[in-house]
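Please read the structure below before turning to the comments.
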Amino acid sequence: MIPEIGQLALILALALALVQAIFPIAGAHKGNTSWIALTKPSALGSLLFMTIAYGCLTYGFLVHDFSIKYVATNSNTSLPTLYLITGVWGAHEGSLLFWAYTLSIWTGVVTLFSRSVPQAMVARVVGVMGIVTVGFLLFMLLTSNPFVRLLNPPAEGRDLNPLLQDPGLAIHPPMLYMGYVGFSVAFAFAIAAMLSGRLDAAWARWSRPWTNVAWMFLTLGIVIGSWWAYYELGWGGWWFWDPVENASFMPWIIGTALIHSLAVTEKRGAFKAWTVLLAIFAFSLCLLGTFLVRSGVLTSVHAFATDPSRGVFILLFLSVIIGGSLLLYSWRASQIRSSVHFKLISRETGLLLNNVILVVTACSILLGTLYPLVLDALGVGKISVGPPYFNSVFIPLTAPLAALVGVGALAHWKREDGLVLARKLAIPLVLSVGGGFAISIWLLPFFDWGAVLGLVLAIWVTLTMSLWFREQGGVAGAMGALKNITRAGWGMFFGHLGIAIFIVGVALTSIYSTEKDLRIEKGQSYSLGGYDFLFNGAERTAGPNYLADRGEVVVSKDGEHVVTLHPEKRDYRSGMPMTEAGIDAGLTRDLFVALGEPLGDQGAWSLRIYHKPFVRWIWLGGLFMSFGALLAALDKRYFRLARKARLEAEAQAAEGAA
Amino acid sequence: MRRFWFFALLLLPVLVLANIEAYRFDDPAKEARYRGLIAELRCLVCQNQNLADSNAELAQDMRRQTYEMVQNGSSNEEIVTFMVQRYGDFVLYSPPFRPSTALLWIGPFIIFVVGVVILLIFIRRRNKEPEVELSSAEHARAQSLLDNKK
């Protein structure tokens, strides 16, 4: 009964989404206020039914209703409650439901928090989001229904993919999806602005906070995903340029370009057409990412052939959304004329360079990700494109970008005296080059050019941003800066510092990590990176739905106890062995121990030990970036506008009453 | 101790079902080369994993092969050539430059040049256009749009 209610709720949500997709846009076009008035009820109604549908599937998981095929395939009675809840988005059908539900939530939030935006604009925005909702719900109902029942329900379900049975995964997909779907708001604003023919600074201002929030979620999602891979996959890697990772990274890069380009559009009224195009591409890449990951095309191009209905629908949906918006763009873009002047040396040029580099980077990653698929589909041969390729493309492109970060922030809008700017930058340049070399020569284990590059860039970004900070204070100095800098300014400051932190993490971890695979007996110890690892054997233990070998490794430094680690090797009921590494996290280094196999019957085991300097800085940098985006989205000017709108609405209401 | 290691190694294929092997190298440089190689060679039966990260049986065999070749003094090129002959280009995470992969390797460079050229044309053309100053009426309209409709 419950699954049927869920099914019915999905269909009703679709019906309301159709209303939401048609009437507000048509109403805004015709100036029909009663049609526009349907915006909020249809969006909130759709959200209500999506909540019911989502609740029904979650309920199915919680009560182990194995008559639902999706529940039977992805859970069993011994699965802990947390993973019953997160299992809802653990596979294809459920994750689509989750995606659509997130979209409903974003739509609902947009209808509730857009008082400062004209009604017709909100109607168009919500209408565009309605079109996307319709697409997803149709895809689900036609090809990937999560509520499909089994005629003969099994007594016990199968297992949730053991990789996904982890708290990190409880938050990774929701964050990522919040980001993906959040870009639909930026997209909808761009389309709405084109529909209305009013692409102006006001549009950029409305869409900026949403875009920042979406970007924040996407950043968090990627950071958590990387961190999860680091400790859960067991091999201490934090990024493998896997297509699945690239699928989330490409929209992130274009999204980064978008939040910078929106700044120019809002402050200077320039680059309007370009900003719209970026908004379209950012969301298109989010859609592409969702489908690339979930359609199975990455595992094998031929997965498409085995279930053509899904593939055909995806291609159709993508071409409607992307093709439709590009058509609209080509029609409207010619009418957009901005003739804002700026000199070659100016913040505008800096931000344009930022955009060009980011877009080129994203295109290159797309090329590397799709190339093997295309070759395979053409039957030309099977190749692998992996980290060596991506690193050799990514680093030369993004190193200049990092060098530009602080310079762009220091340059003024419109025009900047190159000589003055150069004079300002001379001292930071000397200090960062000197500092980078000094640290590499005297403080690091051995000299490496990559480390020099990373450190110079990181110090350079920090110093130029500090200079920016100092300049904001004017004559009052640092205290003045603390007072003068807006939240948006702080957002930029923290976001850019995040880049410096991230670079330090990446450079030092990739170059100075040490690792050792060894055979170790109970009572033996091994030294790595200045730490002694004493192995105290391993014993058999049982978890709720797995059996495990649990090792004990006592780590000490210069005879002093540092930490006791318990790496585990788990066997889940699905038969997949999983490593749970023992990790001691630290600001300057991580110690990472993974348990291998028993060797012989003397109680010896194979063990892998890592010493990873500064690896935390990679994720710390990401956290700084997302915190910066949050600050920027909470800038006071948005609240001021909202308050003003509210007061005016009240005044109007009072007038009407009188 | 040494004999014990030898013994453990002999038993490896039987005992080790997964991924942490206690290979011993007579030279740390060889160990570093081994690590580099297994990081850049692909496990052919896995979805997307290098030899270092995989616990598939094939990956173990290939690691063993790599280890033996490194230990016996083969150069990196020899080992890579051997692997490609045996398993094809698919085994390399850094695809070789061939007609079919030319676009892959040159592509980013082309995209970059195109991007910069477009950027330069854009800046040039923009600064040739006369700057349209908003009339005071337009200014007022813009201001009222920004203020009122929010």
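What follows draws every value from the coordinates through simple rules; no lab data is involved. In this text the structure is predicted, and so the values were computed from the model without any measurement. Glycine also receives a Cβ, built like all others from the backbone with ideal geometry; neighbour counts cover every protein chain displayed.
Taking the Cα-to-Cβ direction at B:Arg86 and at A:Ala399 and moving 7 Å from each Cα, how far apart do the two end points lie in nm?
3.5
Once phi is turned into ³J(HN,Hα) by the Karplus curve 6.51 cos²θ - 1.76 cosθ + 1.60 with θ = phi - 60°, what whole-Hz value does each residue of region B:89-99 show in order, with x for glycine and proline?
Calculated HN-Hα couplings, in order: 4, 4, 6, 9, 6, 10, x, x, 7, 9, x Hz.
Using only C-alpha atoms and all pairs of different ones, pull out the Kirkwood radius for region A:323-433 in Å with one decimal.
Details: mean 1/r = 0.0569 Å⁻¹.
Final number for the Kirkwood radius of region A:323-433 is 17.6 Å.
Say R0 is 30 Å: what FRET efficiency, to the nearest 0.05, do A:Ser330 and B:Gln47 get from their beta-carbon distance?
0.20
Cα to Cα, under 15 Å, and not fewer than 8 places away if on the same chain: which aspartates and glutamates meet these conditions relative to B:Lys30?
Those aspartates and glutamates meeting the cut-off are A:Glu515, A:Asp517, B:Glu68, B:Glu77, B:Glu78.
Average partner chain C-beta neighbours within 10 Å, per residue of B:106-113?
6
Quick query: amide H of A:Phe342 versus all other amide H atoms, modeled in the peptide plane; which residues come in under 5 Å with a sequence gap of 5 or more or a different chain?
none
At a Förster radius of 45 Å, what calculated FRET efficiency corresponds to the Cβ-Cβ distance of B:Phe25 and A:Ile171, to the nearest 0.05?
Numbers: r = 41 Å, r/R0 = 0.91.
That gives a FRET efficiency of 0.65.
Karplus couplings for region A:122-131 from phi (6.51 cos²θ - 1.76 cosθ + 1.60, θ = phi - 60°), rounded to Hz, Gly and Pro as x?
Per-residue couplings from phi come out as 4, 4, 5, 4, 5, x, 4, 5, x, 4 Hz.
Which entries in the list A:Lys272/A:Lys343; A:Lys40/A:Lys636; A:Lys30/A:Lys644; A:Lys272/A:Lys483 go over 24 Å, if you measure between the two C-alpha atoms of each?
On the way: A:Lys272/A:Lys343 18 Å; A:Lys40/A:Lys636 26 Å; A:Lys30/A:Lys644 28 Å; A:Lys272/A:Lys483 32 Å.
Those over the limit are A:Lys40/A:Lys636; A:Lys30/A:Lys644; A:Lys272/A:Lys483.
In Å, what Kirkwood hydrodynamic radius results for region A:514-614 from the alpha-carbon pair distances?
Details: mean 1/r = 0.0726 Å⁻¹.
The Cα-based Kirkwood calculation yields 13.8 Å.
Of A:Ser78, A:Met1, A:Thr111, which is farthest on the positive side of the dipole of chain A, counting Cα position, with +1 on Lys and Arg Cβ, -1 on Asp and Glu Cβ, and the Cα centre as origin?
Selected residue: A:Thr111.
Mind checking the dipole of chain A: about its Cα centre, +1 per Lys or Arg Cβ, -1 per Asp or Glu Cβ, Debye to the nearest 20?
Numbers: 46 positive and 38 negative charges, 590 e Å.
About 2840 debye.
Hull surface divided by four, with the convex hull built on the Cα atoms of region A:1-162: how many nm²?
Numbers: hull surface 38.4 nm².
The orientation-averaged projected area of the Cα hull of region A:1-162 comes to 9.6 nm².
Can you compute 3J(HN,Hα) from phi for each residue in region A:458-469, using the Karplus curve 6.51 cos²θ - 1.76 cosθ + 1.60 with θ = phi - 60°, rounded to whole Hz and x for Gly and Pro?
With the stated coefficients, region A:458-469 comes to 5, 5, 4, 4, 4, 5, 5, 5, 5, 4, 4, 4 Hz.
From the helices alone, meaning DSSP H stretches of at least four residues, give me the mean residue ellipticity at 222 nm for chain A, per-run term -39500 (n - 2.57), in deg cm²/dmol to the nearest 500. Intermediate results must be reported in sequence, preceding the final value.
Values: 22 runs with 427 residues, N = 658.
Taking each H run of at least 4 residues, the total per residue is -22000 deg cm²/dmol.
Based only on Cα atoms, what Rg/Rh ratio does region A:166-416 have, Rh being taken as Kirkwood's radius?
0.98
Under a plain spin-label model, where a point goes 7 Å from the Cα along Cα-to-Cβ, how far apart in nm are A:Phe639 and A:Val554?
Label at A:Phe639, label at A:Val554, 5.4 nm between them.
Could you sort A:441-453, A:123-135 so that the peptide with the highest average Cβ count within 10 Å comes first and the rest follow in order?
Per-residue mean Cβ counts within 10 Å order the peptides as A:123-135, A:441-453.
Out of the trypsin sites (Lys or Arg not before Pro) in region A:307-372, which ones are loop residues according to DSSP with at most 11 other C-beta atoms within 10 Å?
On the way: sites: A:Arg310, A:Arg332, A:Arg337, A:Lys343, A:Arg347; in loops: A:Arg337, A:Lys343.
Filter output for region A:307-372: A:Arg337.
How long is the gain from A:Arg415 to A:Leu163 if the chain were fully straight, where each residue apart is worth 0.36 nm and the alpha carbon distance is subtracted?
Full extension of this stretch gives 85.4 nm more.
When you have a sec, figure out the Kirkwood radius of chain A from all distinct Cα pair distances and drop it here in Å to one decimal? Mind dumping the intermediate values first?
Values: mean 1/r = 0.0368 Å⁻¹.
One over the average 1/r among Cα pairs gives 27.1 Å for chain A.
Per residue of A:594-607, how many C-beta atoms from partner chains lie within 10 Å of its own C-beta, taken as a mean?
Neighbouring Cβ atoms belonging to other protein chains average 4 per residue here.
Taking the simple approach of a point 7 Å from Cα along Cα-to-Cβ for both A:Leu444 and A:Leu482, what is their distance in nm?
About 3.5 nm, to one decimal.
List the aspartates and glutamates whose alpha-carbon lies under 17 Å from that of A:Lys424, not counting same-chain residues fewer than 8 positions away?
A:Glu416, A:Glu471
Could you calculate the contour length gain from A:Glu648 to A:Thr564, that is, 0.36 nm times the residue separation minus the distance between their Cα atoms, to one decimal place in nm?
On the way: separation 84, 0.36 × 84 = 30.24 nm, distance 6.28 nm.
Between A:Glu648 and A:Thr564, full extension yields 24.0 nm more.
So if each residue of separation counts as 0.36 nm, and I subtract the Cα-Cα distance between A:Phe113 and A:Glu471, what length gain in nm does that give?
On the way: separation 358, 0.36 × 358 = 128.88 nm, distance 3.47 nm.
Going from the current span to full extension adds 125.4 nm.
Per residue of A:265-272, how many C-beta atoms from partner chains lie within 10 Å of its own C-beta, taken as a mean? Could the numbers behind the result be given before it?
Working: counts 0, 0, 0, 0, 2, 1, 2, 0.
Mean shielding by partner chains, rounded to a whole number: 1.
For the modelled label position 7 Å from the Cα of A:Ala542 along Cα-to-Cβ, which residues of region A:74-90 have backbone nitrogen atoms closer than 17 Å?
A:77-80
A:Lys522: which lysines have alpha carbons under 22 Å from its alpha carbon, excluding same-chain residues fewer than 8 sequence positions away?
A:Lys557, A:Lys569
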